[in-house]
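Working notes, beginning with the structure itself.
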Amino acid sequence: MKKDDTVIQRMSELLRSGAVMLDLACPICSAPLFRLRSGEIVCPTHGAVRVVKTDSEAIEVQSQAVLDKLEAVATSRISNITEALHRVDSESGEEELLDQLERWLEVLERVRRLKLATTKGGKSG
Ligand SMILES: [Zn+2]
């Protein structure tokens, strides 16, 4: 019932499989991280994580996670509103939906721009 129990169970499974608990915390949930025998670093909750060495890097990873979530919410809202636009049969209802659509598109656009800004153009393509 408690979420903590699952994490503790995962942690003991990791230890049993030969993983080593590290002096590092997950940037997302701040659970202790483990190094597997393969050398991969994992969080008991999130699985494989990017290892961060500084606080600012941790904040960056955390804000990426928030932006990812917000992008998902905005995308699903936009899709819902688009669906509703198919069914709406009054002009005032349509206007209201378009209003909402515009706002969510703005959110989505901003999220995407922020994501680009925080990744600092390290990737090509
Ligand atoms: Zn985690």
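The values are calculated or read from the model by the stated rules, or taken from the named source; none is laboratory data. These numbers come from a predicted model, not from an experiment. Heads up, the Cβs are rebuilt from the backbone with ideal geometry, glycines too, and the neighbour counts pull from every protein chain shown. The accessibility values were calculated without ligands, DNA or RNA, using every heavy atom of the protein model including side chains. Shrake-Rupley method; radii C 1.70, N 1.55, O 1.52, S 1.80 Å.
I need the GluC sites (Glu not before Pro) found in segment 1-110, filtered to DSSP loop residues with at most 14 other beta carbons within 10 Å of theirs. List each step's numbers first, then the result.
Working: sites: Glu13, Glu40, Glu57, Glu60, Glu71, Glu83, Glu91, Glu94, Glu95, Glu96, Glu102, Glu106, Glu109; in loops: Glu40.
Those that pass, being in a loop and sparsely packed, are Glu40.
For the chain, what is Rg from Cα atoms divided by 2.2 N^0.38 Å, rounded to two decimals?
In units of the 2.2 N^0.38 Å rule of thumb, it is 1.48.
Determine the per residue accessible area of the chain with all protein chains present and a 1.4 angstrom probe, expressed in square angstrom. Could you put the intermediate results ahead of the total?
Values: 9250 Å² over 125 residues.
Value for the chain: 74 Å² per residue.
Report, in deg cm²/dmol and to the nearest 500, the calculated mean residue ellipticity at 222 nm for the chain, where each DSSP H run with n ≥ 4 adds -39500 (n - 2.57) and the sum is divided by the residue count.
Calculated mean residue ellipticity at 222 nm is -21500 deg cm²/dmol.
For the chain, with all protein chains present and a 1.4 Å probe, just round the carbon and sulfur fraction of the accessible area to a whole percent. Please report the intermediate quantities before stating the final value.
Details: 4950 of 9250 Å².
The nonpolar share, carbon plus sulfur, comes to 54 percent.
May I ask for the equivalent-ellipsoid semi-axes of segment 3-48, computed as the square root of five times each C-alpha gyration tensor eigenvalue and listed largest first in whole Å? Mind dumping the intermediate values first?
On the way: eigenvalues 44, 33, 12 Å².
For segment 3-48, the semi-axes come out at 15, 13, 8 Å.
May I ask for the distance between the Cα centers of segment 54-94 and segment 14-49, given as a whole number of Å?
First find each Cα centre; the distance between them is then 30 Å.
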